[in-house]
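The values are calculated or read from the model by the stated rules, or taken from the named source; none is laboratory data. Source: prediction; values computed, not measured. Every residue, glycine among them, receives a Cβ derived from its backbone with ideal geometry; neighbour counts consider all protein chains shown.
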Amino acid sequence: MTQPGTHQPVEVRVVNDAEALKALGDPLRLRILHVVMGEPRRAWSVKEIAASLGQPVTKLYHHMKLLEQAGLIADVETRVVSGIVEHRYQTAQLGLQFDESLFGSPATRDASIHQAASIVDESRDELVAYLSSAEPNLDAVLLSKAYARLTPDEARAVMTELERLVDGFSANKDDPAHEGRPRTAVLFVMHPQLAP
């Protein structure tokens, strides 16, 4: 545990180990991480996270421990509230990036594929929930899919530009002027297609 007020999350955590990948492989843990990463300067109790997610507190303890063991969240404060020890957590990073070697390593390949699928599934679920809400702002939704024949240099240029955009978003995460603003989900997926 760190001293209250001294925890500083890293800009970007490169996920390159099986423990972090496993911790990220559960949809509920991804949702927990999104909550704490959404307000990186805030110290969250498990009760506050559970209320934010509409989940029972008891369901979250195991997941919080796995995220903490993987170094994705940090226990930043412990205090006694009404005779009960309460831990408060913050994100350990402002952004996540997956090391591409995870997909090639026999030790992490299956978990990496599962993690990639979980992220896409979660994004789909969030989009469907938003579009199904009472009054979605359709002007705030962009859905686009394109196919292109790219040379290796062109593919690298597209990836570099996407990484530049993501880095720009990450730079704003700790800006107090952005706290309290509605969050926007952004998902970029780029992959070669298998031949039919």
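Say we look at segment 139-159 and pick out the residues that are surrounded by 10 or more Cβ atoms within 10 Å (Cβ to Cβ) and not acidic (Asp, Glu); which of these is modelled with the lowest pLDDT?
Within segment 139-159, the match that is modelled with the lowest pLDDT is Met159.
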Determine, yes or no, whether Val120 is under 22 Å from Tyr61 (Cα atoms) and not hydroxyl-bearing (Ser, Thr, Tyr). no
Residues that are part of a loop (DSSP other than H, G, I, E, B), farther than 17 Å from Val120 by Cα and small (Gly, Ala, Ser), drawn from segment 136-190: Ala148, Gly180
Step by step: first the residues of segment 7-17, then only those that are in contact (Cβ under 8 Å) with a residue 60 or more places away in the chain and not charged (D, E, K, R), then the one that is nearest to Tyr89 (Cα to Cα). Which residue is that? His7
Would you tally the residues in segment 18-28 being within 17 Å of Gly95 (Cβ to Cβ) and without any contact (Cβ under 8 Å) to a residue 60 or more places away in the chain? 2
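Regarding segment 99-113, can at least one residue be identified that is of a type in the set (S, T, N, Q), surrounded by 12 or more Cβ atoms within 10 Å (Cβ to Cβ) and assigned to a helix (DSSP H, G or I)?
Taking segment 99-113 as the starting set, the residues that turn out to be of a type in the set (S, T, N, Q) are 101, 105, 108, 112.
Still in the running and surrounded by 12 or more Cβ atoms within 10 Å (Cβ to Cβ): 105, 108, 112.
Imposing the further condition that a residue be assigned to a helix (DSSP H, G or I) reduces the set to 112.
Within segment 99-113 (the criterion being of a type in the set (S, T, N, Q), surrounded by 12 or more Cβ atoms within 10 Å (Cβ to Cβ) and assigned to a helix (DSSP H, G or I)), the answer is yes, since at least one residue qualifies.
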I'm trying to understand the selection: among the residues of segment 35-60, which are surrounded by fewer than 19 Cβ atoms within 10 Å (Cβ to Cβ), assigned to a helix (DSSP H, G or I) and in contact (Cβ under 8 Å) with a residue 60 or more places away in the chain? Gly38
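Conditions (1) of a type in the set (A, V, I, L, M, F, W, C); (2) in contact (Cβ under 8 Å) with a residue 24 or more places away in the chain; (3) touching a Phe, Trp or Tyr at 6+ places or on another chain (Cβ under 7 Å), marked per residue:
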residue: Glu122; (1), (2), (3): no, yes, no
residue: Leu127; (1), (2), (3): yes, yes, no
residue: Ala148; (1), (2), (3): yes, no, no
residue: Arg156; (1), (2), (3): no, no, no
residue: Leu162; (1), (2), (3): yes, yes, yes
residue: Ala185; (1), (2), (3): yes, yes, no
residue: Met190; (1), (2), (3): yes, yes, no
Pick from segment 126-135, criterion assigned to a helix (DSSP H, G or I) and not acidic (Asp, Glu), ranking: nearest to Phe188 (Cα to Cα): Leu127
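What tally of residues in segment 1-34 results from selecting those that are farther than 27 Å from Thr108 by Cβ and surrounded by 15 or more Cβ atoms within 10 Å (Cβ to Cβ)?
Within segment 1-34, the first condition is being farther than 27 Å from Thr108 by Cβ, and the residues that meet it are 1-8.
Next cut, surrounded by 15 or more Cβ atoms within 10 Å (Cβ to Cβ) only: 7.
Selection size over segment 1-34: 1.
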Would you pick out the residues in segment 64-75 that are within 14 Å of the chain's Cα centre (by Cα) and either at pLDDT below 95 or not in a helix (DSSP H, G or I) (or both)? Ala70, Gly71, Leu72, Ile73
Checked against (1) under 27 Å from Val57 (Cβ atoms); (2) surrounded by 11 or more Cβ atoms within 10 Å (Cβ to Cβ); (3) without any contact (Cβ under 8 Å) to a residue 40 or more places away in the chain; (4) of a type in the set (S, T, N, Q), Ser82 satisfies every condition except (2)
Among residues belonging to segment 182-196 that are within 16 Å of the chain's Cα centre (by Cα) and of a type in the set (A, V, I, L, M), point out the one that is farthest from Glu39 (Cα to Cα). Val189
Just to check your reading of the model, which residue among Val166, Val120 is more than 19 Å from Val12 (Cα to Cα) and surrounded by 10 or more Cβ atoms within 10 Å (Cβ to Cβ)? Val120
